[in-house]
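Participant: Got a structure here, written out as structure tokens. Questions coming.
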Amino acid sequence: MQKIMEITVNNKPITVPDYTSLSGALDIAGIDPDNTSTAVNGNVVDLVDRDATILKAGDQVQVIEPFSRT
């Protein structure tokens with residue numbers, strides 16, 4: 001049986017399997033990872049490090065998407 005944990009993504013709680021990567025959490029949360037900046041617990045995580053960044057229960061993920069002025 002797979003264990004699950006709760007994290008927050010942009011202040012919204014979500015449940016993910018243990019040992020989920022940041023990339024996996026973004027996918028579960030339905031967030032398109034392209035052209036976004038990410039941080040875990042206030043620490044910026046570069047795009048190339050998202051697969052290797054394994055989340056822990058209680059982690060707080062922030063996703064910042066660019067906006068355009070029209």
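Participant: According to the Kirkwood expression over distinct Cα-Cα pairs, how big is the hydrodynamic radius of the chain, in Å?
Facilitator: Hydrodynamic radius (Kirkwood, Cα pairs) of the chain is 12.3 Å.
Participant: Here's something else I'd like to know. Please give the per residue accessible area of the chain, computed with a probe of 1.4 Å over protein heavy atoms only, in Å².
Facilitator: 73
Participant: Another question, if that's okay. In percent, how large is the relative contact order of the chain, given Cα pairs closer than 8 Å and 6 or more residues apart?
Facilitator: So the answer I get is 39 percent.
Participant: A follow-up question, please. Of 48, 40, 16, which is the most mobile in a GNM of the chain whose springs link Cα atoms less than 10 angstrom apart?
Facilitator: In the Gaussian network model the winner is 48.
Participant: Summarise the accessible area of the chain (1.4 Å probe, protein heavy atoms) by the percent that is carbon and sulfur.
Facilitator: Details: 2560 of 5080 Å².
The value for the chain is 50 percent carbon and sulfur by accessible area.
The values are calculated or read from the model by the stated rules, or taken from the named source; none is laboratory data. Fair warning: this is a prediction, and the values are worked out from it, not measured in the lab. To get the accessible areas, we keep the full protein, side chains included, count just its heavy atoms, and leave off ligands, DNA and RNA. Shrake-Rupley method; radii C 1.70, N 1.55, O 1.52, S 1.80 Å.
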